[in-house]
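The structure under discussion appears below in the form of structure tokens.
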Amino acid sequence: MAPRPLNVGLIGLGTVGSQVAERMLSWGPQLSRRAGVELCLQKVLVRDVAKRRTIEISPGLLTAGGDEPMRSYIERAIHAGKHVITANKVVMAKHGPELLDAAAGKNVDVYFEAAVGGGIPLISTFRTDLQANRIERVSAVINGTTNYVLGRMASAGLPMADAVREAQEAGYAEADPSDDIGGFDATYKLAILASIAYEIKVRPDEIYREGIEGIEPVDFRYARELGYAIKLIAHTQRHPGRVEARVHPALVSLEHPLARVEGAENAVFVEGDLVGQVLLVGQGAGGRPTASAVVGDLIDLARSIRRGVQSRPSFSFDDRVGVIPIGEVKTRAYYRIRVDDRPGVLAAIGQVFAEEGVSISSFIQKDAWSHDMTVELVVTTHPSLEASLQKARERMARLEPVHAVSAFLRVF
Ligand SMILES: NC(=O)c1ccc[n+]([C@@H]2O[C@H](COP(=O)([O-])OP(=O)(O)OC[C@H]3O[C@@H](n4cnc5c(N)ncnc54)[C@H](OP(=O)(O)O)[C@@H]3O)[C@@H](O)[C@H]2O)c1
């Protein structure tokens, strides 16, 4: 006897939802064959049933909902004993561990492959293929909007505002791009990745965050001369008893694979103790890649329901492992400093670094402005405590011949 069809309710029919519906409606038999059970799109919840849609969908499938937040939709589904698949990174980053605990209590599953890295298989890679490993570090270019913007600033010398406008016109940035530019989106994704990689609860507000605001076209020129690209990096690393987790722009060696991630692409570099280094690259956003992850989860879930087993291991989070305060993290830095063009300035700056215990890796005098008799200095450091690097920055800014510490970036 054929198994009973698996009924699917879909919330949202926007960029992602419409592609999920489209795949289910146009590719039903293939998906059902892979799942071993018929997948039946039963209802689609939207805000406005009368709205014009990009896909053809029977009006009978649509139903309108209020504006309750997604988290409570997911909670209600779990409490009603229903499995959930979500692409919502904000909900999973902020409440993922509790939702997964609640799901375990109800013997249902929450799948969220699409919440990080769009179509790139990340969660399933950690949950299944890399299970035998202790994950040592994860470094990623995980926000397509900022990567596009930084790429255009680097290649065309555009100021940030122009590059953002171009990204909006090309459909790579939202009308309000502050979540991306400010590094919030990358922080949500890193919170999910770190939680899954180490099986601990990493909250977005525990992750050090800096956006790409403040980077100027000249920084790309200097970085390239020194052998680096500039990327928004999401990085986490295991230390004894604690983990490091940070999101900020950084100079990345041109030799590193993350330096070569172009445009709206995403890349995640994982290091496990057994597997070594693994690089996952692909489209980190967009309706179709994200639908690929959502529908992939659906097939996986349908298979496990049909077999009556959980095909994937459930999560158990270790509460004892916390995130290291940023001041205690060791990193390299790049400073761009505008100073008076007169003797003694270099010595004063060198003294600040020496007193803060920061050792200098390179010290270059760049362009001079003859109109105000200033020059630009570019300094890179060896690995040092972040607290010392910050202190050096503040102290230099107060030196009399220093006009401004115009840029302070980490070197990755
Ligand atoms: N776009 C991407 O590339 C991408 C990638 C990865 C993850 N995600 C995540 O996927 C989710 C959907 O993103 P999207 O880009 O598809 O968004 P979107 O285009 O804005 O679509 C949102 C959909 O949700 C519906 N909706 C909103 N609030 C609702 C409510 N209270 N009750 C019922 N329906 C409601 C809207 O209904 P109406 O159509 O009637 O307005 C719309 O169909 C988000 O959590 C996002 O973070 C997106």
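The values are calculated or read from the model by the stated rules, or taken from the named source; none is laboratory data. If you're wondering where the values come from, they're calculated on a predicted model, not measured in any experiment. Because the Cβ atoms are built from the backbone with ideal geometry, glycine has one as well, and the counts that use them run over all protein chains shown. Calculation scope for accessible area: heavy atoms of the full protein, side chains included, ligands and nucleic acids excluded. Shrake-Rupley method; radii C 1.70, N 1.55, O 1.52, S 1.80 Å.
On the accessible surface of segment 213-292, probed at 1.4 Å, how many percent belong to carbon and sulfur atoms?
Carbon and sulfur: 49 percent of the exposed surface of segment 213-292.
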Inset, instruction - Please list the non-local residues whose amide H lies under 5 Å from the amide H of I200, H modeled 1.01 Å from N, same-chain partners needing a gap of 5 or more. - result: D318
Legend entry - Stretchable slack from S316 to Q390, in nm (0.36 nm times residue separation minus alpha-carbon distance): 23.0 nm
Inset, instruction - Note the full-extension length gain between H371 and S58 as 0.36 nm times their separation in residues minus their Cα-Cα distance, in nm to one decimal. - result: 105.8 nm
Legend entry - Vicinal HN-Hα couplings computed from phi for segment 112-119 (Karplus, 6.51 cos²θ - 1.76 cosθ + 1.60; Hz; Gly/Pro x): 8, 3, 6, 6, 10, x, x, x
Inset, instruction - Taking a cut-off of 12 Å between Cα atoms, list the aspartates and glutamates near K391, but don't count ones fewer than 8 places away on the same chain. - result: E355, E356
Legend entry - Estimated distance in nm for a label pair at R224 and R4, the labels positioned 7 Å out from Cα along Cα-to-Cβ: 6.3
Inset, instruction - Would you kindly state the longest site-free stretch of the chain, with sites defined as GluC sites (Glu not before Pro) in a DSSP loop (not H, G, I, E, B) surrounded by at most 16 other Cβ atoms within 10 Å? - result: 263-412
Legend entry - Probe 1.4 Å, protein heavy atoms only - accessible area per residue of the chain in square angstrom: 46
Inset, instruction - Taking a cut-off of 23 Å between Cα atoms, list the lysines near K51, but don't count ones fewer than 8 places away on the same chain. - result: K43
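Where a ≥ b ≥ c are the square roots of the eigenvalues of the C-alpha gyration tensor, would you call segment 255-334 rounded, which needs a/c under 1.5, or, failing that, prolate if a/b is larger than b/c, or oblate? Mind showing how you got there, number by number?
Working: a/c = 2.42, a/b = 1.38, b/c = 1.76.
It is oblate, given that a/c is not under 1.5 and a/b is not larger than b/c.
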Inset, instruction - Please name which of A194, M396, G171 has its Cα lying farthest along the dipole of the chain towards the positive end, using unit charges on Cβ (Lys, Arg +1; Asp, Glu -1) and the Cα centre as origin. - result: A194
Inset, instruction - Rounded to the nearest 10 degrees, what's the angle between the helix 89-105 long axis and the longest principal axis of the chain, both from Cα atoms, 0 to 90? - result: 40
Legend entry - Potential lengthening between E216 and N107 on full extension [0.36 nm per residue; Cα-Cα distance subtracted]: 34.1 nm
Legend entry - Residues whose placed amide H lies under 5 Å from that of S361, excluding near-sequence neighbours: T380, T381, H382
Legend entry - the chain: angle of helix 144-156 to the longest principal axis, Cα-based, in degrees nearest 10: 40
Inset, instruction - Would you mind checking which residues have amide H under 5 Å from L41's amide H? H placed 1.01 Å from N; only 5 or more apart, or other chain. - result: V8
